[in-house]
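Note sheet for the following structure.
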Amino acid sequence: MAESTRKPPPRKAGSGQHRKPAATPIDPEKVAAAKAAKRAEAEAAAARKAAEAARLARKKRQRKLTYGAIGLVIVVIAGLIAVKAVHKPASDTGSGIQDADPAVVAQITAIPVSVLDKVGDGGFLPDFRLPSGNPPPLVNGGLPRVLYVGGLFCPFCATQRWPMVAALSRFGTFKGLRYARSSANDTPKDINSFSFSGVTYTSSYLSFTPYETSDRNHKPLDTLPAADTTLFSTLDNQPTLPSGATSGTIPFVDIANRWVLAGASYNATDLQGKTWAEIASAATSGTGLGLHLDATANWITAALCSATANKPASVCSDPVIAGLETRIPVQ
Amino acid sequence: MTARWVRVVAPLLCLAGLGVSLYLTIAHYNAKVILACPATGIVNCAKVTESPQSAILGVPVALLGLLYFVAIAPLHLPAAWRSESALVRRARVAAAAAGILMVLYLIYTELFTLDALCLWCTAVHAITFLLFVVTLVGTMQTEPEAELVDN
């Protein structure tokens with residue numbers, strides 16, 4: 001208290017005597033009132049202090065709630081992105097489409113001729129069907145035309161696309177090849193391949209018009225023009241297909257109206273569980289699953305050579321290809 | 001009283017959200033308007049905006065976004081931020097929470113169902129998230145004293 005430290009006033013010099021303070025009567029009521037006032041003041045101060053503490057506590061709670069909610073949202077978004085980043089698309093229902101590794105594309109589009117020649121016919125002959133009714137040659141811009149109809153969900157289409165890419169790359173150039181994976185709900189499931197949807201194929205010898213009619217989840221993708229729909233429904237049917245075969249089978253490949261390939265030409269299960277890089281490596285070596293893949297590519301190459309009147313010579317004069325060409329049935 | 005930055009930033013975010021969602025809505029209804037967005041890799045606006053998930057109960061998500069920003073814009077006007085009405089404050093927080101929940105659902109759909117991201121949709125998501133942050137922080141800073149003690 002300030003009063004307790006205050007010094008007493010100095011006495012007047014020379015006064016020579018002590019003055020006795022005048023006695024004041026103590027009023028007990030005033031004392032009690034003063035005490036009550038002091039108590040009330042103390043209580044009010046305590047209440048103010050408690051209210052301030054409560055206010056600060058509430059502010060703190062609100063801050064926690066605010067920043068907690070913001071943090072939670074950030075954590076959830078980061079979690080979704082992290083799960084997506086480590087998510088294995090093997091059993092997903094995504095599109096299965098992704099950018100292709102240029103090294104893999106380079107491998108499958110340029111299998112060494114020595115490897116292809118060594119593989120030769122692979123010990124089998126694909127089921128080249130002769131279009132019934134002897135339709136006129138299928139051409140586009142004066143070039144023999146290859147029509148492909150498939151779907152990204154379809155494991156047999158995925159299987160057939162590998163040798164098609166290999167064979168067609170000997171006659172021209174693909175641009176925009178992207179990875180595709182067949183449906184997780186088909187058998188065999190999740191076959192890794194490429195998509196022909198949206199690709200550009202440039203060649204001086206051939207025209208290639210591919211259509212992937214459905215995506216991996218059976219949703220519509222490419223639409224066939226009316227003429228191609230007619231062609232597809234006519235030739236992907238009996239009597240072009242053997243009796244008992246399902247009409248509308250995909251993959252459907254029409255090579256200039258001279259041959260039709262319906263279905264995969266080798267075993268789709270060969271590719272099951274293989275990565276794009278593994279399949280491309282096998283194709284480059286011509287061993288394992290690469291044997292049938294390369295052989296199918298050779299057979300398709302031979303059919304294409306037949307359609308292009310053996311152009312280009314660099315491809316079609318290859319003795320192995322020329323030999324296969326003579327073994328493909330003709331009208 | 002709300003901090004000045006809240007009264008400036010919140011309406012600007014609303015305006016940005018309105019603009020982008022209006023662009024997405026126009027692109028949805030007008031086939032001639034093509035979204036300026038790549039269509040390769042995981043970023044593919046068309047794949048997202050033309051997917052079955054681009055509509056909820058038949059209402060395009062783009063339109064829902066536009067309606068959302070139209071609805072919340074009055075709540076983010078400077079006058080609304082100055083208002084001490086508990087109703088306005090709670091409506092603003094509720095709208096921000098609803099918006100962010102929708103954003104989380106849409107991000108999930110893009111990443112795991114469609115396997116594609118739409119740049120413009122992501123812009124709307126980012127704006128909604130920022131508006132959520134501004135709303136919560138602004139509300140925290142402006143809650144009236146009376147309510148703080150009473151509640």
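Taking the condition of being under 12 Å from the mean Cα position of the chain (by Cα) and surrounded by fewer than 18 Cβ atoms within 10 Å (Cβ to Cβ), how many residues in the range B:64-89 meet it? Here the count works out to 5.
Among the numbered conditions (1) within 30 Å of residue A:114 (Cβ to Cβ); (2) in contact (Cβ under 8 Å) with a residue 40 or more places away in the chain; (3) not polar (S, T, N, Q), tell me where residue A:176 comes up short. So the condition that residue A:176 fails would be (2). On the stretch given as the range A:169-202, residues that are polar (S, T, N, Q), surrounded by fewer than 20 Cβ atoms within 10 Å (Cβ to Cβ) and more than 14 Å from chain B (Cβ to nearest Cβ) total 4. Does at least one position in the range B:58-80 carry a residue that is away from chain A (no Cβ under 12 Å) and on the phi > 0 side of the Ramachandran plot? Looking through the range B:58-80, at least one residue is away from chain A (no Cβ under 12 Å) and on the phi > 0 side of the Ramachandran plot. One residue stands out among those in the range B:90-140 that are crowded, with 18+ Cβ neighbours inside 10 Å and touching a Lys or Arg at 6+ places or on another chain (Cβ under 7 Å): the one that is nearest to the other protein chains (Cβ to nearest Cβ), which is B:111. Of the numbered criteria (1) in a helix (DSSP H, G or I); (2) at pLDDT 95 or above; (3) within 13 Å of chain B (Cβ to nearest Cβ); (4) within 19 Å of the chain's Cα centre (by Cα), the one residue A:84 fails is (2).
The rows are residues; the columns are (1) under 16 Å from residue B:117 (Cα atoms); (2) modelled with pLDDT of 80 or more; (3) in contact with a strand residue (DSSP E or B) (Cβ under 6 Å, 6 or more places away or on another chain).
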position: B:24; (1), (2), (3): yes, yes, no
position: B:32; (1), (2), (3): no, no, no
position: B:37; (1), (2), (3): yes, no, no
position: B:40; (1), (2), (3): yes, no, no
position: B:43; (1), (2), (3): yes, yes, yes
position: B:49; (1), (2), (3): yes, yes, no
position: B:52; (1), (2), (3): yes, no, no
position: B:57; (1), (2), (3): no, yes, no
position: B:63; (1), (2), (3): no, yes, no
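Would you confirm whether or not the range A:240-249 contains a residue that is more than 15 Å from residue A:149 (Cβ to Cβ) and either surrounded by 15 or more Cβ atoms within 10 Å (Cβ to Cβ) or modelled with pLDDT of 95 or more (or both)? Yes, the range A:240-249 contains at least one residue that is more than 15 Å from residue A:149 (Cβ to Cβ) and either surrounded by 15 or more Cβ atoms within 10 Å (Cβ to Cβ) or modelled with pLDDT of 95 or more (or both). Restricting the range A:188-217 to residues that are polar (S, T, N, Q) and assigned to a loop (DSSP other than H, G, I, E, B), the residue that is modelled with the lowest pLDDT is A:217. Scanning the range B:105-128 for any residue that is farther than 30 Å from residue A:55 by Cα, part of a strand (DSSP E or B) and either free of Cβ contacts under 8 Å to residues at least 12 places away in the same chain or out of contact with any Phe, Trp or Tyr (no Cβ under 8 Å at 6 or more places or on another chain) (or both) turns up at least one such residue. Put simply, of A:105, A:139, A:113, A:149 the only residue that is farther than 23 Å from residue A:308 by Cα and among the hydrophobic types (A, V, I, L, M, F, W, C) is A:105.
The values are calculated or read from the model by the stated rules, or taken from the named source; none is laboratory data. None of the values given here were measured: they were computed from a predicted structure. We place every Cβ from the backbone using ideal geometry, glycine too, and count neighbours over all the protein chains shown.
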